Amino acid sequence: MAPLRTSLIQYDGNRRNNFTLIRIIFAWSVLYGHSFAVQKTPGIHDSLNSIFQGSVWIGALAVNGFFAISGYLVVASFVKRGVIDYTISRVLRIFPALIICVFVSVFILGPLFSSLSLSEYFSNELTYKYLSNALVYFKAKWHLPGVFEDNSFTAINGSLWTLTVEFRCYIILAILGVFGLLKDRTIANLLLFSLLLFGVFFFMDIPMLGINEKWARPALYFLIGVCFYVNRDKVLLDRRLALFALILAYSSFGKDWFTYVFPLAFVYLIFYTAYATKYINTDGKFGDISYGVYIYAWPVQQAIASLFPDFTPYMNTILASIIVIPTAYFSWHYIEKSMLSLKPRFLK
């Protein structure tokens, strides 16, 4: 437990934080939220929606939290280690597991659930276009020929669009960093504030991001995460501020001013929970399975909805969790962690 009043800068380089646990909770929250989309059941609705009063849903809340954490941690990586280390770290963290997931979708999941014959499936150009999802930068491809045709949604993996947004945020951040715009706090704050204002009024004109309006919200949270790092010596982790942020966040649900106050309050609560609450060694017990849970949840849930159309969303959540969590555990320990361990070789 942290002292009553500290600042974020006091935790620089401190690995005894709860980010891994928070990310796992966020990833599972997306799985839970998507259950009500992929396994639609008349008369059954997400009970959390009544709490959020239409302002947000649990999946969007979790994704935005991901982006805030990402913005904070990756700008720290760039500032402390430089562009080469930053680039290698981002590539090794994102691509290996994603490539495996995309290949599993195309060459295992697709043939098993396609209404087409194997020859028709593998001769269809859409099958191979889906492989471009492994490159992240391009807009996500949603469909494989004949797969999940009778489901509420036919998308193979409805979660991948966020990786495209995040990767583009990484690129923009790297460009700003290469030009030295992140080293001086005054310059960085002026730049970030200018980006915020420009995004509010002209988001669709922002290079690489202004493609889809729904990309604006996660990009905003990424920007807030970067701002928290740049001003980490000014961000106080105070129990009273945390309580105020919690009350402010909760009271904003269903209000017109939700958009203006909730993001800052929510992000503050994330960092307070990460650093100023009791440390839980999730990495030592499970590893960082959040990425695996996130990228595998939707296709597993779609498969369940296809095999068991009479399931309720809650049944989908339970069965998907039973399948996805071990899959994510395997992905972290045998793919993601192994690839990240190669970074020193690449740096040499």
Exercise. Within the set of pairs 6+ apart or on separate chains, which have a first residue in region 208-232 that is within 13 Å of Thr164 (Cα to Cα) and touching a residue at least 24 places away in the same chain (Cβ under 8 Å), a second that is aliphatic (A, V, I, L, M) and in a loop (DSSP other than H, G, I, E, B), and C-beta atoms under 6 Å apart?
Worked result: Trp215/Leu209; Ala219/Leu209
Problem set entry | Boolean, Ile304 is within 22 Å of Ile289 (Cβ to Cβ), buried (at least 18 other Cβ atoms within 10 Å of the Cβ) and more than 20 Å from the chain's Cα centre (by Cα) | yes
Seminar exercise, completed: Note on Val30: of the conditions (1) more than 28 Å from Asp184 (Cα to Cα); (2) surrounded by fewer than 20 Cβ atoms within 10 Å (Cβ to Cβ); (3) touching a residue at least 40 places away in the same chain (Cβ under 8 Å), unmet is (2)
For this session: Being farther than 16 Å from Ala265 by Cβ, in a helix (DSSP H, G or I) and either touching an Asp or Glu at 6+ places or on another chain (Cβ under 9 Å) or not aliphatic (A, V, I, L, M) (or both) is the filter here, so list the residues in region 43-71 that pass it.
Result: Asn49, Ser50, Ile58, Gly59, Phe66, Ser70, Gly71
Problem set entry | Evaluation of Lys234 against (1) surrounded by fewer than 16 Cβ atoms within 10 Å (Cβ to Cβ); (2) farther than 28 Å from Tyr329 by Cβ; (3) out of contact with any Ser or Thr (no Cβ under 8 Å at 6 or more places or on another chain) (one fails), failing number | (3)
Seminar exercise, completed: Of the candidates Leu182, Leu173, the one satisfying the condition of being crowded, with 19+ Cβ neighbours inside 10 Å, modelled with pLDDT under 95 and over 18 Å from Ser306 (Cβ atoms) is Leu182
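Listed here are the residues, each with its yes/no results for (1) surrounded by fewer than 20 Cβ atoms within 10 Å (Cβ to Cβ); (2) over 22 Å from the mean Cα position of the chain (by Cα); (3) modelled with pLDDT under 95; (4) closer than 27 Å to Gly71 by Cα.
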| position | (1), (2), (3), (4) |
| --- | --- |
| Met1 | yes, yes, yes, yes |
| Leu4 | yes, yes, yes, yes |
| Arg16 | yes, no, yes, yes |
| Ile22 | no, no, no, yes |
| Ile25 | yes, no, no, yes |
| Pro42 | yes, yes, yes, no |
| His45 | yes, yes, yes, no |
| Ser50 | yes, yes, yes, no |
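When region 322-348 is examined, which residues are found to be of a type in the set (S, T, N, Q) and under 12 Å from Ser290 (Cα atoms)? Give the derivation first.
If we filter region 322-348 for residues that are of a type in the set (S, T, N, Q), which is where we start, we get 327, 331, 338, 341.
Matches in region 322-348: Thr327, Ser331.
Run down Phe167, Phe222, Phe258 and say which single residue is closer than 20 Å to Asn64 by Cβ, modelled with pLDDT of 95 or more and in contact with an Asp or Glu (Cβ under 9 Å, 6 or more places away or on another chain).
Values: Phe167 fails: in contact with an Asp or Glu (Cβ under 9 Å, 6 or more places away or on another chain); Phe258 fails: in contact with an Asp or Glu (Cβ under 9 Å, 6 or more places away or on another chain).
Being closer than 20 Å to Asn64 by Cβ, modelled with pLDDT of 95 or more and in contact with an Asp or Glu (Cβ under 9 Å, 6 or more places away or on another chain) holds for just one of Phe167, Phe222, Phe258, which is Phe222.
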For this session: State the number of residues belonging to region 256-286 that are of a type in the set (Phe, Trp, Tyr), out of contact with any Lys or Arg (no Cβ under 7 Å at 6 or more places or on another chain), surrounded by fewer than 20 Cβ atoms within 10 Å (Cβ to Cβ) and over 22 Å from Ile58 (Cα atoms).
Result: 1
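The values are calculated or read from the model by the stated rules, or taken from the named source; none is laboratory data. Keep in mind the model is a prediction, meaning the values are calculated, not measured. Counting neighbours? That spans all protein chains shown, and the Cβs are built from the backbone with ideal geometry, glycine included.
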